[in-house]
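First comes the structure, then the notes that go with it.
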Amino acid sequence: MARHKKAHLSAQKAAEKNFLDQLIRLYPGFPRGRIVQSESPDFLVYTTPRRKIGIELTRLTRNSDTTFTGEDHFHPGFSMEAIQELIRNKEAKMELYRKNGVEGVWLVILVERFSQSPSFNLRNHVDHWDLSTLFKVVLILDLSIPAVYEIKTPAS
């Protein structure tokens with residue numbers, strides 16, 4: 001049983017690394033530095049030897065479960081309220097993230113088939129959304145296109 005759990009954790013960490021690599025390729029504003037896998041947050045980016053930024057990955061799914069599973073896809077019925085709820089749930093862990101001595105934490109929300117809903121245009125919602133959050137940056141990474149949507153930027 002322990003071997004199965006270790007293999008699952010290893011596969012999850014590999015998937016997280018792949019998602020981060022995809023984000024780095026797509027998002028020119030990603031901080032430069034040495035990247036180290038961590039727990040809570042998922043990654044630490046050392047921008048200097050003494051300064052680091054936390055990167056937390058989470059998935060928005062049909063049932064608001066934030067675990068990584070290949071069967072979960074973004075459902076057109078999701079709303080900005082669902083995204084806001086996910087952000088608030090992750091904010092509850094902010095103290096844990098800060099224990100790693102991070103300067104700020106980026107939240108990256110992973111979705112699939114996000115843009116395939118003709119009735120939901122994320123850009124229209126984001127442009128009029130005044131998000132108040134403890135996260136320094138909030139991004140949505142649509143894995144199916146792929147594309148990155150900025151919810152809160154470093155300059156916000």
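Just checking, how many residues over the range 53-110 are among the hydrophobic types (A, V, I, L, M, F, W, C), at pLDDT below 90 and more than 13 Å from the chain's Cα centre (by Cα)?
The total comes to 4.
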(message) Between a residue in the range 129-156 that is within 23 Å of L96 (Cβ to Cβ) and in contact (Cβ under 8 Å) with a residue 24 or more places away in the chain and any residue that is of a type in the set (K, R) and not in a loop (DSSP other than H, G, I, E, B), which pairs come within a Cβ distance under 7 Å, given they are 6 or more apart or on different chains?
(response) L131/K152; T133/K152; F135/K152; V137/K152; V138/K152
(request) Could you tell me which numbered condition L122 fails, if it satisfies all but one of (1) at pLDDT below 90; (2) more than 17 Å from L20 (Cβ to Cβ); (3) surrounded by fewer than 18 Cβ atoms within 10 Å (Cβ to Cβ)? (result) (3)
(request) Could you please find all residues in the range 130-147 being surrounded by 17 or more Cβ atoms within 10 Å (Cβ to Cβ), of a type outside the set (D, E) and outside any loop (DSSP other than H, G, I, E, B)? (result) V137, V138, L139, I140, L141
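The values are calculated or read from the model by the stated rules, or taken from the named source; none is laboratory data. What you are looking at is a predicted structure, and each value in this text was computed from that prediction instead of being measured. A quick note on method: Cβ atoms are made from the backbone with ideal geometry, for glycine too, and the neighbour counts reach across all protein chains shown.
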